[in-house]
Amino acid sequence: MKERILSSLIAVIVVSSLQAQGGDAAVPRLVVGLTIDQLRTDYIEAFSSLYGERGFKRLLREGRFYCNAEYDFINVDAASSVAAVYTGTTPYYNGIPGNCWMDRASLRIIKSVDDTSYMGIYTGESTSPQRLLVSTLSDELMVATQGGAEVYSIAPTREMAVLSAGHAAKGAFWINDDTGKWSGSTFYGSFPNWVTSYNDREGLDFRIDNVAWAPYLPVTSYRFVTSAAKQVSFKHDFTAERRDKYKKYKTSPYVNDEVNRLVNACLSNTPMGQDNVPDLLTLSYYAGNYGHASNAEYAMEIQDTYVRLDNSIGDLLDMIDRKVGLRNTLVFITSTGYTDPDPQDPPQFKVPGGEFHIKRCGALLNMYLMALYGQGQYVETQYDRQIYLNHKLIEDKKLNLTEILDRSADFIVQMSGVRDAYTSQRLALGAWTPRIDKIRNSFHPRLSGDIYVEVMPGWTVVDEYSQTSTVVREAYSSMPLVFFGNSVKPEVVYTPVKMGIVAPTVAHCMRIRAPNAATSAPLNGLRK
């Protein structure tokens, strides 16, 4: 009883402190976090002559613009990046190594936000953030305000919506691939009436048959990406895609405007930013190419995407200024830090490469271990450049796991296209190097395989299990991190920064605790 009274007293003190600071511009009434899938700094710079004054140019003029932000783990994707931004830590701690991974218990691929314990709303997908093992920025704000803050998440995709919302948000919404409706999960409680009203009156399904994507600017403007296929123009009619029209729509720049439409409904129908307790709105946009195709295939589309993205960002900033006021709002913009893979280089250019088949690697390794230790299925499965060993068989045979791991790694590195093989024990206990640290950060003891196979750049990894072929490229790709509004001091910064600083920095601005696994110190000198 005493503990409950003490906890309530602490909460009252925290909320009162936040309210007392409400007149101070250093404490935002609203924080807006925007994660843009596949956003690249070099493309922002390359296409700058195509932009207006309200989007990227305004961010560069008035915001703190970090040109070289980095994730400190490998194989970044949409789910792992969003989880890292809002937890302030890596998959090693937060438990989200990717959009999906191999479940060791069932030997089946599971998705990061699947959860059969909760029902979908406007969707058949059962969803929750329960696999996210640590607290998020959203969680810490809700704890600090005893649920008084308004916290919502809006994104085109389920993973980005749920993982940025965290465990304690009042709602996470994403676009249903089959119906175009904004969807949610019973995990977050009752579905807001304002989202239901939007679906019933303004839903994408009412409009998509009249939408076609064509160049925003004269086609002669788009000359910044070279391509063997000379494009005269383009037009993508979503209705022609039939069953996949909403999936394709979500890979076009129009989806960013759809996010903005629901943001407008949210700001119009909730008290976000209207009192002295900070609120949080997490958003996601898309900046990849149409249908996840390569830039070489759709060179004009990727340029038009950035032009329209520039407009969408400008519309969002203007909307926030009208509804809440930018001086009362802290906006931060991040990227997911990866791009859809390019195809293999044409053979006439003789770039070194080949094909590495992870299934064949597992089969050969199993034959090698049988030759050493007798009959048995030593390799249970393989997925995404990881080998999963049969621990029960190894235990039943009373074999030394460390010896088997070391021998397996020594065998794998002799295969064509393999640069190195890292065992789980080497990652956990081996000597530190910058490369091992990044691989370890993407590894989770209960979720990852026993051996990670590092394939040479230029080689194509063929994964028969997931039916994917991915060309390995490790060239540095710059991505931005931007802070804007709420007395942020304008500056363009080229010194690299880690994405792990975002959550503690924003938490510091809101005067709340950082997420419980975020160990980085907040940025200094961010505000005037």
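The values are calculated or read from the model by the stated rules, or taken from the named source; none is laboratory data. The shown structure was predicted, so the numbers you read here are calculated from the model rather than taken from an experiment. Positions of Cβ are generated from backbone atoms using ideal geometry, with glycine treated the same way; all protein chains shown enter the neighbour counts. Remember, those area values only see protein heavy atoms, side chains included, never the ligands or the DNA or RNA. Shrake-Rupley method; radii C 1.70, N 1.55, O 1.52, S 1.80 Å.
If we keep just the residues of the stretch 236-281 that are among the hydroxyl-bearing types (S, T, Y) and not in a helix (DSSP H, G or I), which is farthest from P215 (Cα to Cα)? Ranking the candidates gives T270 first.
Within the stretch 201-258, the set of residues being of a type in the set (A, V, I, L, M) and closer than 16 Å to D177 by Cα comprises L204, I208, A240, V255. Only residues that are at positive phi and open to solvent by 10 Å² or more (accessible area, probe 1.4 Å) were counted in the stretch 133-167, giving 2.
Taken over the stretch 427-447, the criterion of being open to solvent by 50 Å² or more (accessible area, probe 1.4 Å) and under 26 Å from S112 (Cβ atoms) is satisfied by A428, R435, K438, R440, P445, R446.
Which residue pairs have Cβ atoms under 9 Å apart, sit 6 or more places apart or on different chains, and have a first residue in the stretch 505-520 that is closer than 9 Å to E140 by Cβ and a second that is of a type in the set (K, R)? Final answer for the pair search is A507/R513. Evaluating D450 against the criteria (1) open to solvent by 10 Å² or more (accessible area, probe 1.4 Å); (2) of a type outside the set (K, R); (3) at pLDDT 95 or above leaves one unmet condition, (1). Considering the stretch 52-75, and only residues there that are out of contact with any helix residue (DSSP H, G or I) (no Cβ under 8 Å at 6 or more places or on another chain) and not acidic (D, E), the residue that is most open to solvent (accessible area, probe 1.4 Å) turns out to be R61. Applying the selection to the stretch 316-374, what residues are within 30 Å of P490 (Cβ to Cβ) and of a type in the set (D, E)? Of everything in the stretch 316-374, those that are within 30 Å of P490 (Cβ to Cβ) and of a type in the set (D, E) turn out to be D318, D321. Of all residues in the stretch 79-100, those that are farther than 18 Å from V502 by Cα have Cβ atoms under 6 Å from Cβ atoms of residues that are acidic (D, E), 6 or more apart or on another chain, in G98/D77; N99/D77; N99/E159. Candidates S284, S233, S312, S294: the one that is surrounded by 15 or more Cβ atoms within 10 Å (Cβ to Cβ) and assigned to a loop (DSSP other than H, G, I, E, B) is S294. The set of residues in the stretch 432-451 being aromatic (F, W, Y) and in contact with a Leu (Cβ under 6 Å, 6 or more places away or on another chain) consists of F443 alone. State whether the residues of the stretch 467-485 include one that is closer than 27 Å to V351 by Cβ, open to solvent by less than 40 Å² (accessible area, probe 1.4 Å) and either acidic (D, E) or over 25 Å from the mean Cα position of the chain (by Cα) (or both). The answer is no; no qualifying residue exists. On the basis of being at pLDDT 95 or above, open to solvent by less than 10 Å² (accessible area, probe 1.4 Å) and in a helix (DSSP H, G or I), does T305 make the cut? Yes, satisfied. A count restricted to the stretch 182-198 and to residues that are part of a helix (DSSP H, G or I) and closer than 26 Å to T305 by Cβ stands at 1.
For the stretch 219-266, a residue qualifies if it is under 16 Å from N199 (Cα atoms) and not aromatic (F, W, Y), and the qualifying residues are V255, D257, E258, V259, N260, R261, L262, V263, N264, A265, C266. If you take the residues of the stretch 118-132 that are under 16 Å from the mean Cα position of the chain (by Cα) and more than 11 Å from S185 (Cβ to Cβ), which of them is least open to solvent (accessible area, probe 1.4 Å)? The extreme case among them is L132. When we screen T433, T460, T423 for residues that are free of Cβ contacts under 8 Å to residues at least 40 places away in the same chain, under 27 Å from A363 (Cα atoms) and among the polar types (S, T, N, Q), the only hit is T423.
The strands (runs of 3 or more DSSP E) found entirely in the stretch 452-520 that carry 2 or more residues being out of contact with any Leu (no Cβ under 8 Å at 6 or more places or on another chain) and of a type in the set (A, V, I, L, M) are 460-463. The residue of the stretch 24-58 that is nearest to G148 (Cα to Cα), among those that are part of a loop (DSSP other than H, G, I, E, B) and aliphatic (A, V, I, L, M), is V27. Taking only the stretch 246-269 into account, find how many residues are polar (S, T, N, Q), closer than 15 Å to L283 by Cβ and surrounded by fewer than 22 Cβ atoms within 10 Å (Cβ to Cβ). Result for the stretch 246-269: 2.
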